[in-house]
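As structure tokens, the structure follows; a few thoughts come after it.
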Amino acid sequence: MISLPKLSYRYYLSQIPVPVRENSKKWGPTVAAVFLIAFFVIFAIRPTVITIAELLAEIKAREELNQQLENKIKQIFAAQKLYNQIYDRTYLLDQALPSNPRFAYFSQSLESNRISADLGLNTLNYSSIVLTEKTPPKTIKENQEFKFTTGLIGYYPNLRSFLENIFNQRRIIYIDSLKVSQGKNKQTMAENLPLVITVNGKTFYLGNE
């Protein structure tokens, strides 16, 4: 077995053509620079770029939030301006929908309207209602109501006047049903007998619970 001498790396380098070796010397710094730039891009510049992107996204989000806040402020100023225009008439809201039943005032106004319309009273009934609270109110429950039923005696012009008086009130009053029938007399069947009128309605208020 023949053993060949081991050749050193210098021998192999000597076998590379001279032009190739010259070009390798020229490209060496360039390749090293490329690898160095790649290293910085991956390990140094990349986190900075990510941070800048996150900051830009946060700035954009804050700008959108500021725009929304500006729109809200404009809406508040517009609402305040409108409220100032109607401030002197806000008491009408309490009259239309009072914070409590105001039962006594309502019953008095209903009786006053009946008398002014020259209608006789046959019956007058109200649904159950809580007039006083044992404990202070905690929350407000909207659209509370109490109902009323009244039986009246009169003629059509009187009924019309009575209903006009009710609907002209500032308080919200809803008429559920209206029944009109001819009065009866056992002794006579005259057509000019007064009418029997039954009115079923309800009114509303803000209640506490």
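Between Glu58 and Lys202, residue separation times 0.36 nm minus the direct Cα-Cα distance comes to 46.2 nm. Multiplying the residue separation of Ile76 and Tyr126 by 0.36 nm and removing their Cα-Cα distance gives an extension gain of 13.7 nm. Peptides 92-98, 72-78 ranked from most to least packed, by the mean per-residue count of other Cβ atoms within 10 Å: 92-98, 72-78.
Any read-out appearing in this document is the output of simple, stated calculations on the displayed coordinates, not a laboratory observation. If you're wondering where the values come from, they're calculated on a predicted model, not measured in any experiment. No Cβ is skipped: glycine too gets one built from the backbone with ideal geometry, and neighbour counts run over all protein chains shown.
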